[in-house]
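I have placed the structure first, in the form of structure tokens, so that the comments after it can refer back to it.
The values are calculated or read from the model by the stated rules, or taken from the named source; none is laboratory data. What you see is a predicted model, and the numbers here were worked out from it, not measured in a lab. Cβ coordinates were reconstructed from backbone atoms using ideal geometry, including for glycine residues, and neighbour counts include every protein chain displayed. What goes into the accessible areas is simple: the full protein's heavy atoms, side chains included, and nothing from ligands, DNA or RNA. Shrake-Rupley method; radii C 1.70, N 1.55, O 1.52, S 1.80 Å.
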Amino acid sequence: MGSETALPKWASEPCMMGIDEAGRGPVLGPMVYGCLYCARSYHNTLSTLNFADSKTLKEEKREELFENLKADESIGWAVDVIDPWELSAKMLKKNKINLNEISHDSAIGLITRVLNMGVLLTEVYVDTVGDAEKYRIKLSERFPAVKFVVAKKADSLYPVVSGASIVAKVTRDRALRDWVLVETAENMHRNFGSGYPGDPVTKSWLQHHKHSVFGFPTLVRFSWGTCTAYSKDIVEVLWEADKVEEDGSTNRNGKRQLKLSSVGFIESKRKSEEIESSGKGRCKFFQARKLEQLTQF
């Protein structure tokens, strides 16, 4: 999603880019990374467009500014929408990817996308995630031909980042507003509040939209610690795994049992991972699909 049409003439001039995110903290909905780019010669004009940190603007003003920048032929923009289930899957996988790494990868992806379009990026301004200097070095090593400025509150310091902030925030707001709850449980509704963990409306929505077996709707980032408090009433699940070795860890049917807790396998998970990595366990293709070898039908 973005202004990825025919490359404008100004894109062959030295260009600058700003990058910012929206929705890093909420327990509901996607996290969105947005970028805005333009010719460096357009910087003075950009400063007059009243862009500001999107958090300081009312929704109506953000929407107005977003439509203005979309109509401005001297500005390009792009977004990366990271869905809640993708965030949780990455944060809970065996080789976990933390939120900072996900954020860095998203920013790198936006820079790569714009460079691959043929835009002559020479300067990029980024609202920091984690240590600003380490982040700057990481980006500079990846893109040595580009000058990077990484700073806290960059969305209030540099108009090009303020514009990116508006792109990201409006895109996330619209994604939440248009979100379709695909789950078919009864009494589901969209009155979920701001989506932030401390919002009483969001807390109430989480409480009334948990399922004892299937957990939360796909709108929810179930890896967030906020969700743990709502997992007390979940159904205990026992997964059977093929017998691997005679060490007393199997039950009478020759199966080992792995207990699923609210946030993953408890205790025996580590043993299971060791077995998988040693090559003694079943192929992950069969494990993931819960397929078993049958001796009779």
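With the simple spin-label model, which puts each label point 7 Å out from Cα in the Cβ direction, the residue 122 to residue 134 separation comes to 3.2 nm. In this simple spin-label approximation, residue 112 and residue 189 carry label points 7 Å from Cα along the Cα→Cβ vector, and these lie 4.4 nm apart. In this calculation the C-beta distance from residue 100 to residue 290 is compared with R0 = 51 Å, giving a FRET efficiency of 0.95.
Give 93/169; 58/232; 55/138 a once-over and call out the pairs whose C-alpha atoms are over 32 Å from each other.
Details: 93/169 28 Å; 58/232 38 Å; 55/138 27 Å.
As for pairs spanning more than 32 Å Cα to Cα, those are 58/232.
Hydrodynamic estimate: the Kirkwood radius of the range 109-248 over Cα pairs, inserted into Stokes-Einstein at 25 °C and 0.890 mPa s, corresponds to D of 126 µm²/s. Counting only protein heavy atoms and a probe of 1.4 Å, the accessible surface of the range 53-162 is 51% carbon and sulfur.
Can you tell me the FRET efficiency between residue 207 and residue 86 if r is taken as the Cβ-Cβ distance and R0 is 35 Å, rounded to the nearest 0.05? The calculated FRET efficiency here is 0.90. Other residues within the sphere of radius under 9 Å centred on the Cβ of residue 103, judged by their own Cβ, net out at -2 (K and R +1, D and E -1).
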